[in-house]
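Peer 1: Sharing a structure here in structure tokens format.
What follows is calculated from the coordinates using simple rules that are stated; it is not laboratory data. It should be emphasised that the depicted structure is a prediction, and the values quoted were computed from it without experimental measurement. Here Cβ is always computed from backbone atoms with ideal geometry, including for glycine, and neighbour counts include all displayed protein chains.
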Amino acid sequence: MTDEDYMRMAIEEARRAEELDEVPIGAVVVYEPIDPGTRRPLAEPQVIARACNLRETTQDPAGHAEFIALKQAAERLGVWRLTGCTVYVTLEPCVMCAGLMHQARVDRCVYGAADPKAGALGTLYAVNADERLNHTFEAVSGVLGDECAELLRSFFARKRKKRMESK
């Protein structure tokens, strides 16, 4: 499977969030065990976690899609170090989520739409590449970015319209 295939799964999660009247952001974690000596894959990649934003539903400030998915992935693997994992998320992670990716030692994060207000993997900050920290990871931007951005644009346009109609 390709980055685009996994991003489509994240988009499915974002649509699930939208059905719950949550900001439509989705995340998927893919695990591909790598031989540390040769850096070659030991097994086929597998999806080990999927999640959508649930902040409004749960009233949890950490209810971001990628935060939830990373916790699920750690539970599934039984370890907090998520080496060999790639996180796919429809919107560039915020500082909190990028920090969690750093702490979890993920290998990569692939995101769709850049976030000019809170993006922490290249737009406002580059948490993933800060060599002052004890771990860096690859960030890939713009995968199905237009489709991911449109989900957010249309969601907030509907919210604004509904708010205007209720005045």
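Peer 1: For region 68-77, in order, what is each residue's ³J(HN,Hα) by Karplus, 6.51 cos²θ - 1.76 cosθ + 1.60 with θ = phi - 60°, in whole Hz (x at glycine and Pro)?
Peer 2: Ordered by residue, 3J(HN,Hα) equals 4, 5, 5, 5, 4, 4, 5, 5, 5, 7 Hz.
Peer 1: Cut-off is 10 Å between beta-carbons; in what order do 135, 64 appear when sorted fewest neighbours first?
Peer 2: Starting with the residue having the fewest Cβ neighbours, the order is 135, 64.
Peer 1: Further, regarding this structure: Where the only charges are on Cβ atoms (+1 Lys, Arg; -1 Asp, Glu), what is the dipole of the chain about its Cα centre, to the nearest 20 debye?
Peer 2: Computed charge dipole of the chain: roughly 560 debye.
Peer 1: Next question. Could you tell me how many degrees, from 0 to 90 and to the nearest 10, lie between the Cα long axis of helix 145-165 and the main elongation axis, the longest principal axis, of the Cα atoms of the chain?
Peer 2: Roughly 30 degrees, rounded to the nearest 10.
Peer 1: For region 85-167, which GluC sites (Glu not before Pro) are both in a DSSP coil and crowded by at most 10 other Cβ atoms within 10 Å?
Peer 2: Counting only loop positions with at most 10 other Cβ atoms within 10 Å, the GluC sites (Glu not before Pro) in region 85-167 are 131.
Peer 1: I need the chymotrypsin sites (Phe, Trp or Tyr not before Pro) found in region 68-149, filtered to DSSP loop residues with at most 13 other beta carbons within 10 Å of theirs.
Peer 2: Loop-located and lightly packed - 80.
Peer 1: Report D for the chain in µm² per second (integer): Stokes-Einstein, Kirkwood Rh on Cα pairs, 37 °C, 0.692 mPa s.
Peer 2: 205
Peer 1: Separate question: How would you rank 127, 89, going from fewest to most other Cβ atoms within 10 Å of each one's own Cβ?
Peer 2: 127, 89
Peer 1: Full extension from residue 3 to residue 159: what is 0.36 nm times the residue separation minus their Cα-Cα distance, to one decimal in nm?
Peer 2: Extra length available between residue 3 and residue 159 comes to 53.1 nm.
Peer 1: Take each of the peptides 24-33, 152-161, average the number of other beta-carbon atoms within 10 Å over its residues, and list them starting from the highest.
Peer 2: 24-33, 152-161
Peer 1: Just flag the trypsin sites (Lys or Arg not before Pro) in region 1-73 sitting in loop per DSSP whose Cβ has no more than 14 other Cβ atoms within 10 Å.
Peer 2: Hits after loop and neighbour filter: 39.
Peer 1: For a footprinting-style exposure proxy, rank 48, 34 by other Cβ within 10 Å, fewest first.
Peer 2: Ranking 48, 34 by Cβ neighbours within 10 Å, fewest first, gives 34, 48.
Peer 1: How much of the DSSP bridge set in the chain is antiparallel, in percent, rounded to the nearest 5?
Peer 2: The antiparallel fraction comes to roughly 60 percent.
Peer 1: Counting pairs of alpha carbon atoms under 8 Å apart in space and at least six apart in sequence, what relative contact order in percent does the chain give?
Peer 2: 19
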